[in-house]
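Enquirer: Here it is: the structure, laid out below.
All of the numbers you see were taken from the coordinates with simple rules; none came from a lab. Note that this is a predicted model, so its numbers are computed, not measured. When we count neighbours, we look across all protein chains shown, and the Cβ atoms used for this are built from the backbone with ideal geometry, even at glycine.
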Amino acid sequence: MIRTIGDTVVAFDCEWIPDANAARALFPDAADLPEGELLARLWAHNGATPEDPRPFVRLMQSRVVSVAMLMRSAPKVKGGDPELRLVWLPKDPDDAACRAERKVVGSFLAAIGRSQPQLVGFNSRSSDLRILAQRALALGIPAKGFLSHPAKPWEGVDYFARDNDCSIDLMDLIAGGFSGRAAALSLHEAATLCGIPGKFDAHGDQVLDLWQQGRYREIVQYNCYDAITTYLLWLRLAWVSGRFQTDQYENEQALVRELLMGLCDEPATAFLEPYLMEWDRLTDLRERFPL
């Protein structure tokens, strides 16, 4: 499934919410409405029903509020360990200027465009990559290097092509390209059944409520959890695909644990401790009840 491992691998995840400004633009009579009414108009526009009053809002009508990444840089010397970094945007969630969508999306796309790493996501082809492209279009953010399409596949990076390894969608790979109930899976289920923490603190449908309550830091923390989980699931898939030997895989996992343990000692990243505790719980469970 995993054919190659890039010199730089970025496991990433985005969080987004319905965009009140999209309602202001789409509905000429709505410009001065309160935010709650604007969102209600968007939900109605996207097929709200009494049974589903808050349906999924189309990507271009949504606002990206957070992007988190776990980055792996290849070892600098043969036999050495890769370098790992956990990065998130907005860097300071409590700063309104940092939270601006143009800042969040623009900073991420500029970094990706410069380094052109191998991207890893979960359902990223249909969601994360698409919303980044559509919001770059809506906001007028140049995204050379991210949106560029080479004339020939071997002449450059193309994150939207399906015939290369520039962008890896773990859901697509694990599901084998099939749809329907038998093949459907969530990040939570895929990760948890592999002994990796899934959704244990918050869920995606809570992001809007957190945003409206001004709990911006909690959104970023939840986003970081998903990025770490995506990275660990990629590691496991790379291992079972033969890209890592078992001892290499165990070392790679240990490096993630060391990174998180070190970050837990810092006040700004102490929120990672529950993630480690959940990881320990799942590890203990698998040891007590081996498959």
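Enquirer: Explain nothing, just the number: dipole magnitude of the chain about its Cα centre with +1 on each Lys and Arg Cβ and -1 on each Asp and Glu Cβ, in debye rounded to the nearest 20.
Expert: Using only the charged Cβ atoms, the result is roughly 860 debye.
Enquirer: Between residue 7 and residue 58, what is the label-to-label distance in nm when each label sits 7 Å out along the Cα-to-Cβ direction?
Expert: Using points 7 Å along Cα→Cβ, the separation is 4.1 nm.
Enquirer: Next question, about the same structure. I'd like the Karplus ³J(HN,Hα) series for the stretch 220-234: coefficients 6.51, -1.76, 1.60, θ = phi - 60°, whole numbers in Hz, and an x wherever there's a Gly or Pro.
Expert: Rounded to whole hertz, the list is 5, 5, 4, 4, 5, 4, 5, 5, 5, 4, 4, 5, 5, 5, 4.
Enquirer: For the stretch 232-291, what class follows from the C-alpha gyration tensor (a ≥ b ≥ c being the square roots of its eigenvalues): rounded when a/c is under 1.5, otherwise prolate if a/b is larger than b/c, else oblate?
Expert: It is oblate, given that a/c is not under 1.5 and a/b is not larger than b/c.
Enquirer: A further question follows. Using modelled amide H (1.01 Å from N, peptide plane; none on Pro or chain starts), what sits under 5 Å from the amide H of residue 62, excluding residues fewer than 5 places away?
Expert: 19
Enquirer: Checking the cross-link filter: which aspartates and glutamates have an alpha carbon closer than 17 Å to that of residue 78, excluding same-chain neighbours under 8 positions apart?
Expert: 7, 247, 252
Enquirer: Something else: Under 22 Å Cα-Cα from residue 152, which lysines qualify once same-chain neighbours fewer than 8 residues away are excluded?
Expert: The qualifying lysines are 144.
Enquirer: What is the gain in length, in nm to one decimal, between residue 152 and residue 77 on full extension, counting 0.36 nm per residue of separation less the C-alpha to C-alpha distance?
Expert: Gain on stretching residue 152 to residue 77: 23.8 nm.
Enquirer: Along the stretch 14-24, what does the Karplus equation 6.51 cos²θ - 1.76 cosθ + 1.60 (θ = phi - 60°) give for ³J(HN,Hα), rounded to whole Hz, x for Gly and Pro?
Expert: 10, 10, 9, 9, x, 9, 4, 5, 5, 5, 4
Enquirer: I'd like to compare 187-198, 239-250: which one has the highest average count of other Cβ atoms within 10 Å, and what's the full order after that?
Expert: 187-198, 239-250
Enquirer: Still on this structure, I have one more. Show me the ranking of peptides 53-61, 168-176, 220-228 by mean Cβ neighbours inside 10 Å, starting with the highest.
Expert: Output ranking for 53-61, 168-176, 220-228: 220-228, 168-176, 53-61.
Enquirer: Right, next: To the nearest 10 degrees, how steep is helix 101-115 against the longest Cα principal axis of the chain, on a 0 to 90 scale?
Expert: For 101-115 against the chain, the angle is about 40 degrees.
Enquirer: Another one. Please quote Rg/Rh for the stretch 105-165 to two decimal places, taking the Kirkwood radius as Rh and restricting both calculations to Cα atoms.
Expert: Details: Rg = 11.2 Å, Rh = 12.0 Å.
In the stretch 105-165, Rg relative to Rh is 0.93.
Enquirer: Taking the alpha-carbon distance from residue 91 and a cut-off under 13 Å, which aspartates and glutamates remain once sequence neighbours fewer than 8 residues away in the same chain are dropped?
Expert: Partners found: 101, 218.
Enquirer: Here's another thing I want to ask about it. Please report how far the C-alpha centroid of the stretch 263-291 lies from that of the stretch 109-149, rounded to the nearest whole angstrom.
Expert: Cα centroid of the stretch 263-291 versus Cα centroid of the stretch 109-149: 31 Å apart.
Enquirer: List the residues, sorted by chain then number, that are 5 or more residues from residue 123 or on another chain and whose placed amide H is less than 5 Å from its amide H.
Expert: 170, 171, 172
Enquirer: Would you work out which of 246, 186, 108 lies farthest towards the positive end of the dipole of the chain, given +1 charges on the beta-carbon of Lys and Arg and -1 on that of Asp and Glu, about the Cα centre?
Expert: 108
Enquirer: Something else: Work out, step by step, the length gained on full extension between residue 103 and residue 241: first 0.36 nm times the residue separation, then minus their alpha carbon distance; give nm to one decimal.
Expert: Result for the pair: 46.0 nm of gain on full extension.
Enquirer: Turning to a different aspect of this structure: Tabulate in residue order the Karplus-calculated ³J(HN,Hα) for the stretch 62-73, using 6.51 cos²θ - 1.76 cosθ + 1.60 with θ = phi - 60°, rounded to whole Hz; enter x for Gly and Pro.
Expert: 10, 10, 6, 10, 6, 9, 10, 9, 10, 9, 10, 9
Enquirer: Quick check: pseudo-label points 7 Å beyond the Cα along Cα→Cβ at residue 205 and residue 286, how many nm apart are they?
Expert: Once both label points are built, they end up 2.9 nm from each other.
Enquirer: Work out, step by step, the length gained on full extension between residue 32 and residue 268: first 0.36 nm times the residue separation, then minus their alpha carbon distance; give nm to one decimal.
Expert: Here the answer is 81.2 nm.
Enquirer: Grab the DSSP H runs of the chain that are 4 residues or longer, score each as -39,500 (n - 2.57), total them, divide by all residues and round the 222 nm result to the nearest 500 deg cm²/dmol.
Expert: Numbers: 11 runs with 127 residues, N = 291.
-13500 deg cm²/dmol, from helical runs alone.
Enquirer: Just to be sure I understand: of the beta bridges DSSP finds with both ends in the chain, what percent are antiparallel, rounded to 5?
Expert: Given both bridge residues lie in the chain, the antiparallel proportion sits at roughly 75 percent.
Enquirer: Students often check this: by mean Cβ neighbours within 10 Å, which of 253-261, 81-89 ranks highest, and how do the rest follow?
Expert: 81-89, 253-261
Enquirer: Could I have the simple spin-label model distance between residue 249 and residue 110, label points 7 Å from Cα toward Cβ, reported in nm to one decimal?
Expert: Here the modelled spin labels are 4.0 nm apart.
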